[in-house]
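For reference, the structure discussed in these notes is given below.
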Amino acid sequence: MDNSGMYVGLDIGTTSIKVIVAENVKGQMNVIGVGNERSNGVSRGVIVDIDKAAEAIQRAVRQAEEKASIEIHDVIVGIPANMLKIEPCSGMIAIDDQSREITGRDVQTVANAALIQSLPPEREVVDILADEFVVDGFDGIKDPRGMVGVRLEIHGTLFTGPKTIMHNTRKAVEQAGLNLRGTVINPMAQGMMVMNDGEQDFGTILVDLGGGQSTAAVIHDHQLKYIDVDQEGGQFITKDISVVLNTSLDSAEKLKRDYGYADSTQASDEDEFPVDVVGQSQPTPISEKYLAEIIEARLDQIFQRLRTNLDKVQALELPGGIVLTGGVAALPGITDLATDEFGTNVRVYVPDQMGLRHPSFTLALALVKYFGGLSEIDLLIKSALTGSTQLADETDEIRSREAAKEAANNAANQSSPAPKAKQPKQKKKRTDGFRKFFSDFFD
């Protein structure tokens, strides 16, 4: 079974690699398969060993294939926000024929003009988003296709990142035998899913507490405005437990998951559990409160650093507060600890899909929902990153056929002796058909 009509999200995390297979049914994303395997070759969210990462991706994909009963060929991959830069961009082109309507090719050409930037050799464009189009001085246009003008402009936002991250991600995906259908900046996809319309509009902070790093992203006016990445995450909590309690990393991870509290005031000083201590034949009893104090100490450091940087841009003054997600956000008491540290309202986002009700699945699910929700114009602009004109040509051809068909219908109706009641037409959604061409863009 071909998965061209489906969406496969690939979350390459530091501690685990997750694959989610979702089917778009009447605008609703239905998850039909999940893969979750231990990660290898990834450090602090970045691939550092392509071979090991590719093997881990293959294992996660095979697991998802078995559950979804399909063969996975194309994946949507999340890109970490490490060293990501956000800056405005603009471009302008002249329309060669004043009587000709603006086409998808024109949209892609003006997007290419906006991509012309003087970048250092170690950086490349990760993504581009259009804020508005301007046709002959008329601004605020979201889709200029079908309009007539002599000058087309685009004003948008450009995201650039290290070439190393992009190259290693592409290489690992290709080595795993997969096609890169598209890339999405992680906090951008997450923000669009975990926040409601009001939170995205008035401003909210997303804090993703991952295994290798913690990322704070500010969403305001429905746009990603600011990114701060702290190079510590759940792995550091596990190492602290291992060192303080003199136990193995595997044992420390299990203790964190089974008995850990983020807020030590909520843990019991009387409830104890056995810990396998290195060099001792018998387990040593440790209280919940002592374990919570170890966890809380590390989280305090992470939150303090994030708060310092968020204060610099006055992000904590935004009315939306903070939304926590990521694997570490599953720790009991994390909301109270974050509220005390940041001094604003805090909530934890947990996906509501069956089998995915854990914050660690947020990113993989967000990737398929974000990409599945892209409009035609969004896909055309993203295609400018690859230079392929296939999508633009296809959209233009479809629009031309539809325009010709509608003109013929209008002519037939005008020549008809008796008017007939119009039957409501089902408008076919073209976007899903266009997305299959994205699998060719990254080959």
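The values are calculated or read from the model by the stated rules, or taken from the named source; none is laboratory data. Given the structure is predicted, the values throughout are model-derived calculations rather than measurements. We place every Cβ from the backbone using ideal geometry, glycine too, and count neighbours over all the protein chains shown. Heavy atoms of the whole protein, side chains included, go into the accessibility calculation; ligands, DNA and RNA do not. Shrake-Rupley method; radii C 1.70, N 1.55, O 1.52, S 1.80 Å.
Here's the yes/no breakdown for (1) farther than 29 Å from residue 125 by Cβ; (2) at pLDDT 75 or above; (3) part of a helix (DSSP H, G or I):
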{"residue": "356", "(1), (2), (3)": "yes, yes, no"}
{"residue": "363", "(1), (2), (3)": "no, yes, yes"}
{"residue": "370", "(1), (2), (3)": "no, yes, yes"}
{"residue": "393", "(1), (2), (3)": "no, yes, yes"}
{"residue": "403", "(1), (2), (3)": "yes, no, yes"}
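Among strands (runs of 3 or more DSSP E) lying entirely in the range 185-252, which contain 1 or more residues that are open to solvent by 10 Å² or more (accessible area, probe 1.4 Å) and farther than 17 Å from residue 79 by Cβ?
214-220, 223-230
Could you list, ordered by first residue, the pairs with Cβ atoms under 9 Å in which the first is in the range 389-411 and without any contact (Cβ under 8 Å) to a residue 12 or more places away in the chain and the second is of a type in the set (Val, Ile, Thr) and part of a helix (DSSP H, G or I), at least 6 apart or interchain?
Filtered contacts from the range 389-411: no entries.
Working only within the range 303-319, note down all residues that are crowded, with 22+ Cβ neighbours inside 10 Å and in contact with a Ser or Thr (Cβ under 7 Å, 6 or more places away or on another chain).
306
Report whether or not residue 104 is buried (at least 23 other Cβ atoms within 10 Å of the Cβ), touching a Leu at 6+ places or on another chain (Cβ under 9 Å) and at pLDDT below 95.
It is true that residue 104 is buried (at least 23 other Cβ atoms within 10 Å of the Cβ), touching a Leu at 6+ places or on another chain (Cβ under 9 Å) and at pLDDT below 95.
Which numbered condition trips up residue 146, out of (1) farther than 26 Å from residue 19 by Cα; (2) open to solvent by less than 10 Å² (accessible area, probe 1.4 Å); (3) in contact (Cβ under 8 Å) with a residue 40 or more places away in the chain?
Of the numbered conditions (1) farther than 26 Å from residue 19 by Cα; (2) open to solvent by less than 10 Å² (accessible area, probe 1.4 Å); (3) in contact (Cβ under 8 Å) with a residue 40 or more places away in the chain, the odd one out for residue 146 is (2).
With the requirement that a residue be closer than 15 Å to residue 93 by Cβ, at pLDDT 95 or above and hydrophobic (A, V, I, L, M, F, W, C), what does the range 131-180 give you?
Hits for the range 131-180 are 133, 134, 135, 141, 152, 154.
Please go through the range 253-270 and pick out each residue that is among the charged types (D, E, K, R) and either touching a residue at least 40 places away in the same chain (Cβ under 8 Å) or assigned to a helix (DSSP H, G or I) (or both). Step through it out loud before you land on a result.
Step one: filter the range 253-270 for residues among the charged types (D, E, K, R), giving 253-254, 256-258, 263, 269-270.
If the condition is that a residue be among the charged types (D, E, K, R) and either touching a residue at least 40 places away in the same chain (Cβ under 8 Å) or assigned to a helix (DSSP H, G or I) (or both), then 253, 254, 256, 257, 258, 263 are the ones that fit.
All but one of (1) open to solvent by less than 10 Å² (accessible area, probe 1.4 Å); (2) more than 25 Å from residue 48 (Cβ to Cβ); (3) part of a helix (DSSP H, G or I) hold for residue 273, so report the exception by its number.
Every listed condition holds for residue 273 apart from (3).
Is there a residue being open to solvent by less than 70 Å² (accessible area, probe 1.4 Å), within 19 Å of the chain's Cα centre (by Cα) and modelled with pLDDT of 95 or more anywhere in the range 117-125?
The answer is no, given that none of the residues of the range 117-125 is open to solvent by less than 70 Å² (accessible area, probe 1.4 Å), within 19 Å of the chain's Cα centre (by Cα) and modelled with pLDDT of 95 or more.
Contact list please: Cβ distance under 6 Å, first residue in the range 22-41 and more than 12 Å from residue 365 (Cβ to Cβ) and among the β-branched types (Val, Ile, Thr), second residue crowded, with 20+ Cβ neighbours inside 10 Å and at pLDDT 90 or above, pairs at least six apart or on different chains.
The qualifying pairs are 32/21; 32/68.
Looking at the range 276-290 only, could you name the residues that are surrounded by fewer than 16 Cβ atoms within 10 Å (Cβ to Cβ) and touching a residue at least 40 places away in the same chain (Cβ under 8 Å)?
none
Among the listed residues 341, 293, identify the single one that is acidic (Asp, Glu), open to solvent by less than 40 Å² (accessible area, probe 1.4 Å) and part of a helix (DSSP H, G or I). I'd like the intermediate steps shown before the answer.
Working: 293 fails: open to solvent by less than 40 Å² (accessible area, probe 1.4 Å).
After ruling out the rest, the residue left standing is 341.
For the range 311-329, what are the residues that are assigned to a loop (DSSP other than H, G, I, E, B) and not β-branched (Val, Ile, Thr)?
314, 318, 319, 320, 321, 326
Return the total of residues in the range 278-307 being more than 19 Å from residue 236 (Cα to Cα) and aliphatic (A, V, I, L, M).
Summing the residues that are more than 19 Å from residue 236 (Cα to Cα) and aliphatic (A, V, I, L, M) in the range 278-307 gives 2.
Would you check which residues across the range 376-407 are among the charged types (D, E, K, R) and under 25 Å from residue 131 (Cα atoms) and list them?
376, 378, 382, 393, 394, 396, 399
If the requirement is being part of a helix (DSSP H, G or I), among the hydrophobic types (A, V, I, L, M, F, W, C) and open to solvent by less than 20 Å² (accessible area, probe 1.4 Å), which of these qualifies: 8, 61, 75, 19? Even if it seems obvious, please write down each step before you answer.
On the way: 8 fails: part of a helix (DSSP H, G or I); 75 fails: part of a helix (DSSP H, G or I); 19 fails: part of a helix (DSSP H, G or I).
Going through 8, 61, 75, 19 in turn, the sole match is 61.
Being over 18 Å from residue 173 (Cβ atoms) and at pLDDT below 95 is the filter here, so list the residues in the range 39-66 that pass it.
The answer is 44, and nothing else.
Only strands (runs of 3 or more DSSP E) wholly contained in the range 92-171 count here; list those with 2 or more residues that are under 27 Å from residue 76 (Cα atoms) and among the acidic types (Asp, Glu).
So the answer is 123-135.
Restricting the search to the range 81-130, which residues are within 15 Å of residue 152 (Cβ to Cβ) and acidic (Asp, Glu)?
96, 97, 101, 106
Please enumerate the residues belonging to the range 26-58 that are surrounded by 15 or more Cβ atoms within 10 Å (Cβ to Cβ) and among the acidic types (Asp, Glu).
The answer is 37, 49, 55.
Filter the range 358-377 down to the residues that are over 14 Å from the mean Cα position of the chain (by Cα) and more than 26 Å from residue 306 (Cα to Cα), then identify the one that is surrounded by the most Cβ atoms within 10 Å (Cβ to Cβ).
Here the answer is 376.
Please determine whether any residue of the range 164-173 is open to solvent by 20 Å² or more (accessible area, probe 1.4 Å), over 19 Å from residue 48 (Cα atoms) and not basic (Lys, Arg).
Scanning the range 164-173, I find no residue that is open to solvent by 20 Å² or more (accessible area, probe 1.4 Å), over 19 Å from residue 48 (Cα atoms) and not basic (Lys, Arg), so the answer is no.
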